[in-house]
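Note sheet for the following structure.
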């Protein structure tokens, strides 16, 4: 079971999508109806990794992979994304605290 919030990490790039809750996942057709690429992942608030290639009743169902990212790996993904879009990291410490709070790692 996905522990929300979660992020989607898209294969082959630094793009991430933040999903705040199961309600957001269920209500936003763009998140659960359309197909994902092989290698796209959903990462929940404890770092559990879910594959996004299983359809159940015409909807994507995140499937647990048995793998996890730790806090540092998630931090690096987020840092890479912000770097890609040109944002500056003012304080690594502050960002780390934000990630820890959001993702309970």
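Could you check the spin-label model distance between residue 80 and residue 61? Points 7 Å from the Cα along Cα→Cβ, value in nm.
3.0 nm
So, in nm, how far is label residue 23 from label residue 37 when the simple model puts each one 7 Å beyond its Cα toward the Cβ?
Spacing of the two 7 Å Cα→Cβ label points: 3.3 nm.
None of the figures in this text is laboratory data; all of them are computed from the coordinates on show. Model, not experiment: these values are computed from the prediction. We place every Cβ from the backbone using ideal geometry, glycine too, and count neighbours over all the protein chains shown.
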